[in-house]
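Here the structure is laid out as structure tokens; the discussion comes afterwards.
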Amino acid sequence: MPFPPVTPGGPPAQLTEFERAFLEAMPDFERAYLEAIREATIALGGYGAAAARTSRPPRAASPGGTGAAPSALPRVDSVRPSSPRATADRSGPSLAEPSPATSAEAPRIAIRSHENGSSEDGPRISFEVLKKIKSEEKFCTRIMKNPSPYGSQYYEQKHINKWNGRLVSEYEAHMAASKSAWLNVVPEKISIQNLALHGTNFDVALLAMKMRVQPPDGGAEHPGGAGVAGGGQLLPVGNLLKRGGTLVTGESGARLLNLRRVSTVSVSGGLNIEKVFRTAQEYAWSAAHGRVRVNNGRSSQTPIVVIGDGMDTKKLRYHSTLSPDVGLLPGSEIGGEVAYKRLNIRGLLCQESDLDYVLQVLKEEKLNVTVNTYESFREQVEQKPLLAYMGAEGTPQRRQLLEKLMGVPLPDYPDYSEADWRKSTLSEDGDDF
């Protein structure tokens, strides 16, 4: 409730001790938002005599009600919090701090009209988990000192102020109409240049393969199937939350990189796959044993390395036929790190001891994706001594290994002799979702 209105039309409303204590404990942004509503109501003549008769301000009509709220008022809904790598916020033109959000961009709050407290018009977007992540940060001083309670002032102003508290369905409609909607559909053709590995746990991979967007041409959804390797996409933290998802694992800090992109290690067409696999395996172990936020049992404790191809709106200036041509190069201490807005899941690797369990769950969930083991991967590497050989002689071995890991033929795999450097057209780093 707002502070007692003082208007020419009536005396200030009287507050009980409980109401006054409630107001004092209310977050500043919510109190400021309600005060803005009161001022707008006064401007429309909405308090006046009403203030003399009641201590409660007028309530905006619910979407399903018979009355309509005045069009000049901000929409009032109420907030429903949902449950919940490697670089910090980076300076540069693309991350310039925007001006502070206006009151019209403040989080909307969902009206709870059901006895169980659920929203009457669908699930809502919540970024509350990011506050908890920042509060638990112990190592990154950039995150700890960031003025935003969410860990990134840029992301708060650009995205959180716009979407927090709004319907998930509103964001889904925004995605469908966006010029970057193509990012949400797994293409049939695999991008050899952008193949990469990502270490996580099985629970994360399962959730990603279930969270699919229907193709814009009206085609059937499918987690794989004829002509398509794997299915689903690994999403950045911010996009996952805006789709109503739950953050079940991750780094201890809510870094801007991870809010907007998925960190991976590039396999460079297979040239350095043996080296970067060790890095991905370490992150998988951490995701299954040290970074679990929501423990869903064995799936949360099963390390998984995802192999897939990245997609991004940002093109790299120079690239070869075996190196990434899109994405962001964070310049971190992690060798071969590339961050993508989406990572299409094309195959999984797990420990031999977890293989039967992983295959059984995938079968039950009707998810079609190729699974290999860490042990079989190492055997394959030992049998292919020319994998990292910078010449055409190593091409067949690299292609064979990648085909096995993803379960599909790669007829367009380039000969390394063709890997000359080429100039690529730069593009804007689209940030609409």
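The values are calculated or read from the model by the stated rules, or taken from the named source; none is laboratory data. Being a predicted model, the structure only gives us computed values, none of them experimental. Here the Cβ is made from the backbone with ideal geometry for all residues, glycine too, and neighbour counts use every protein chain on show. What goes into the accessible areas is simple: the full protein's heavy atoms, side chains included, and nothing from ligands, DNA or RNA. Shrake-Rupley method; radii C 1.70, N 1.55, O 1.52, S 1.80 Å.
For PHE202, only one of the following conditions fails: (1) closer than 30 Å to ASN372 by Cβ; (2) surrounded by fewer than 22 Cβ atoms within 10 Å (Cβ to Cβ); (3) modelled with pLDDT of 95 or more. What is its number?
Unmet condition: (2).
With the requirement that a residue be surrounded by 15 or more Cβ atoms within 10 Å (Cβ to Cβ) and either basic (Lys, Arg) or part of a loop (DSSP other than H, G, I, E, B) (or both), what does the range 159-181 give you?
Listed by number, the residues that qualify are LYS162, ASN164, GLY165, ARG166, SER180.
Filter the range 315-338 for residues that are out of contact with any helix residue (DSSP H, G or I) (no Cβ under 6 Å at 6 or more places or on another chain), farther than 14 Å from SER191 by Cα and small (Gly, Ala, Ser); which is most open to solvent (accessible area, probe 1.4 Å)?
Among residues in the range 315-338 that are out of contact with any helix residue (DSSP H, G or I) (no Cβ under 6 Å at 6 or more places or on another chain), farther than 14 Å from SER191 by Cα and small (Gly, Ala, Ser), the one most open to solvent (accessible area, probe 1.4 Å) is GLY331.
Quick check on the range 347-360. Is at least one of its residues at pLDDT 95 or above, surrounded by 14 or more Cβ atoms within 10 Å (Cβ to Cβ), in contact with a Cys (Cβ under 6 Å, 6 or more places away or on another chain) and not charged (D, E, K, R)?
Looking for residues that are at pLDDT 95 or above, surrounded by 14 or more Cβ atoms within 10 Å (Cβ to Cβ), in contact with a Cys (Cβ under 6 Å, 6 or more places away or on another chain) and not charged (D, E, K, R), one finds at least one in the range 347-360, hence yes.
Tell me which of these VAL276 doesn't satisfy, since it passes every other one: (1) within 26 Å of PRO123 (Cα to Cα); (2) open to solvent by less than 20 Å² (accessible area, probe 1.4 Å); (3) among the hydrophobic types (A, V, I, L, M, F, W, C); (4) in a helix (DSSP H, G or I).
Unmet condition: (1).
Listed here are the residues, each with its yes/no results for (1) touching an Asp or Glu at 6+ places or on another chain (Cβ under 9 Å); (2) at positive phi.
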site: LYS315; (1), (2): yes, no
site: GLY327; (1), (2): yes, yes
site: PRO330; (1), (2): yes, no
site: GLU333; (1), (2): no, no
site: LEU343; (1), (2): yes, no
site: CYS350; (1), (2): no, no
site: VAL358; (1), (2): no, no
site: VAL361; (1), (2): no, no
site: ASN368; (1), (2): no, no
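Could you please find all residues in the range 377-391 being outside any loop (DSSP other than H, G, I, E, B), open to solvent by less than 40 Å² (accessible area, probe 1.4 Å) and over 15 Å from VAL306 (Cα atoms)?
Within the range 377-391, GLN380, VAL381 meet the criteria.
Scanning the range 280-300 for residues that are of a type in the set (A, V, I, L, M, F, W, C), over 12 Å from GLN351 (Cβ atoms) and modelled with pLDDT of 90 or more, which turns out nearest to the chain's Cα centre (by Cα)?
Within the range 280-300, the match that is nearest to the chain's Cα centre (by Cα) is ALA287.
For the subset of the range 282-305 comprising residues that are part of a loop (DSSP other than H, G, I, E, B) and among the β-branched types (Val, Ile, Thr), which member is surrounded by the most Cβ atoms within 10 Å (Cβ to Cβ)?
Result: THR302.
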